[in-house]
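To start, the structure under review is shown below, and the notes come after it.
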Amino acid sequence: MPSAHVDTFARDRLPPPALMPEFVFELPELQFPAQLNCAWELLDRHVAEGRGERVCIRAPGLIWTYRDLQEQANRIAHVLVRELGLVPGNRVLLRAPNNPMLAACWFAVIKAGGIAVTTMPLLRAKELKAVLDIAQCSHALCDRSLAQELEAAAQACPQLHHRCYFNGHGPQGLEHAMQQQSARFANVDTAADDTCMLAFTSGTTGVPKATMHFHRDVLAVCRCWPAHLLRAQPDDVFIGSPPLAFTFGLGGLLLFPLSIGASTVLLEKAAPTQLLEGIRDFKATVLFTAPTSYRAMVAHGAALHGSALRKCVSAGEALPASTREQWREATGLEIIDGIGTTELLHIFISADEAHARPGATGTVVPGYRAEVVDDEDHPLPPGSIGRLRVKGPTGCRYLADERQAGYVRQGWNYTGDAYSMDADGYFRFHARTDDLIVSAGYNIAAPEVEEALLQHPAVAECGVVGVPDTERGQLVKAFVVLRPGHQGDAAMVRALQDFVKRAIAPYKYPRAIAFLEALPRTATGKLQRFRLKVE
Ligand code: 3UK
């Protein structure tokens, strides 16, 4: 089936066939036609089938129905094509906190056959330039509040011909241009395997990588984890903290609610207190956030009494058994944990509330396969720790990047995580492969030590790393954020060390402990262990 892309930039930069992951489409619901535009199924279909007046997006002071979102997206698509000269295959940088206009812009790009490149709001000019250069963006649609860094980056990016601002830019703004345009737009007939989005890895170090996702991939992730594990209903109200630039947030707060005709609440600021307020004010029923946010919200558990919440999803980092337990005590709800990656777009190992097992991520999601293998790629018996590898309907395609060969081997996607599998198919996370600390010959998984420390009542947050040590090779060092009212003194160091020695094998205890006000985290909520190593 012919590609609709006039600009063949993305197709020309796909990984070579030998380095492509194997794609598996075994489930009946994963049979896709050769031609599809994912905006039809997620958005237009609802209006066409008579659900146009249902609430689609809510934000403070605003309600958009499915028809409203469709009309906004259509008008923006016209602006892109007629006024800004977009042709199918062009990359469009999108930049905003989570808000309705960002969602409308995302759909506009997809409808026009463009490629959406949504960026983290916190990125500075230097980082934005790296994204603009790798993706060779010709257009940018950006929230007025984030204009400054984009303007600075644009000076050094000659290929970025068009920048247009929304949410307050007067007669020059996107909204003004939209008024001149029709609310009807004929979606570009893209091929199922035309790239529709580039997602940058939340990579904690080094040069960012762009992962390429097709129209087909966007629908595939909606039909796997949400359909089989989350099982939300059209009357559910989704809410959460991850940015739409992070595929955890894109799926949980836009694709998944829309795929079933439900509604989503978009919050520009979703730190724990704001998220709690949002859950209450919007009577949210399905929550997406990261483990650290669950821990912070537990402290205000009372605020959740009588809330409408019924499903809580955690991803991005391992969910400690203690966090799961505290949340259950505070709310009566069992967290749905799931591991996903930017490369595979969304979650591929998870357990629903009825099958959750403390300390385990879950079982493989229908549509995917997963294995734990040794360094020679041989599958390991149950209980042994090795490398996690996965395949399914989605998989890793780095845009023109040598590192493809590091993520994909023999058709499998290697996530870089050390996992073990129980005899009954439950996968347990141990560490990132590079976060295994080797101390005096022992392999120590940093997250296991963190989990032990978190059980101590004085510990609010903690991060564990291996630091160079002449005697032991590496030394286990813990960075601890104490709860209010506790002192980070020598007595506390001793108390925490003794506590860990009693909880897990004593050789794993942190021989060094330092106290911090806060831990360094990425915009996606991940602990930046590499920054602790140089503390
Ligand atoms: C880690 C987890 C243990 C793991 C993501 C859901 O996090 C996402 O994507 P990223 O590319 O990072 C991937 C890496 O993060 N991780 C994520 N979830 C878990 N480790 N338990 C978990 N539940 O190291 C993985 O390789 O930023 C998560 C959906 C979409 C995503 N992009």
For the chain, restrict the atom set to alpha-carbon positions and state the Rg and Dmax in Å.
23.1, 72
Once phi is turned into ³J(HN,Hα) by the Karplus curve 6.51 cos²θ - 1.76 cosθ + 1.60 with θ = phi - 60°, what whole-Hz value does each residue of the stretch 379-392 show in order, with x for glycine and proline?
x, 9, x, x, x, 7, 8, x, 8, 7, 10, 9, 9, x
Computed from the beta carbon distance with a Förster radius of 51 Å, FRET efficiency for Lys283 and Asp133 to the nearest 0.05 stands at 0.70
All lysines inside 17 Å of Lys477 as judged from Cα atoms, apart from same-chain residues fewer than 8 positions distant:
Lys501, Lys508, Lys533
Relative contact order for the chain using alpha-carbon pairs under 8 Å, separation at least 6, rounded to a whole percent?
13
Dipole in debye (nearest 20) - the stretch 439-532, about Cα centre, beta carbon charges: Lys, Arg +1; Asp, Glu -1:
100
Using θ = phi - 60° and the Karplus form 6.51 cos²θ - 1.76 cosθ + 1.60, what ³J(HN,Hα) does each residue of the stretch 17-22 get, whole Hz, x for Gly and Pro?
x, 5, 9, 6, x, 7
Do you know the relative contact order of the stretch 316-407, to the nearest whole percent, from alpha carbon pairs under 8 angstrom that are 6+ apart?
20
Output wanted: per-residue J couplings in Hz (rounded whole) for the stretch 113-119, from phi through Karplus 6.51 cos²θ - 1.76 cosθ + 1.60, θ = phi - 60°, x for Gly and Pro.
x, x, 10, 7, 10, 7, 10
Ordered by fewest other Cβ atoms within 10 Å, a rough proxy for footprinting exposure, Glu149, Glu535 read Glu535, Glu149
Which value, to two decimals, describes the C-alpha radius of gyration of the stretch 149-265 once divided by 2.2 N^0.38 Å?
1.31
Any residue on another chain or 5+ positions along whose placed amide H is under 5 Å from the amide H of Gly416 is listed here as Leu388
Once the Cβ-Cβ distance between Asp374 and Gln35 is put in as r, and R0 is 35 Å, what FRET efficiency do you end up with, to the nearest 0.05?
0.25
Neighbour-count order for Glu53, Glu41, fewest beta carbons within 10 angstrom listed first:
Glu53, Glu41
Asp189 versus Val207: modelled label distance in nm, points set 7 Å from Cα along the beta carbon direction:
3.9
Non-local amide H neighbours of Gly113 (under 5 Å, H modeled in plane, Pro and chain starts lacking H): which ones?
Val188
Reach of Lys391 by Cα under 29 Å, taken over lysines that are not fewer than 8 positions away in the same chain:
Lys111, Lys209, Lys311, Lys526
Straight-distance crosslink candidates among aspartates and glutamates, where the alpha carbon sits under 18 Å from Lys269 and sequence neighbours closer than 8 are dropped
Asp143, Glu277, Asp281
Largest first, please: the extent of the C-alpha atoms of the stretch 179-246 along each principal axis, to the nearest Å.
44, 32, 28
Express the Stokes-Einstein translational diffusion coefficient of the stretch 439-532 in µm² s⁻¹, to the nearest whole number, given a Kirkwood radius over alpha-carbon pairs, 4 °C and a viscosity of 1.567 mPa s.
96
From the Cα centre of the stretch 58-75 to that of the stretch 295-343, the distance in Å is 29
Enumerate the amide H contacts of Arg511 below 5 Å, restricted to partners 5 or more residues apart or on another chain; note that Pro and chain-start residues carry no placed amide H.
Val476
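Bear in mind these aren't lab numbers, they're just calculated from the coordinates by the rules spelled out. Small disclaimer: the values here were computed from a predicted structure and weren't measured. All Cβ positions, glycine included, derive from the backbone under ideal geometry; neighbour counts span all protein chains shown.
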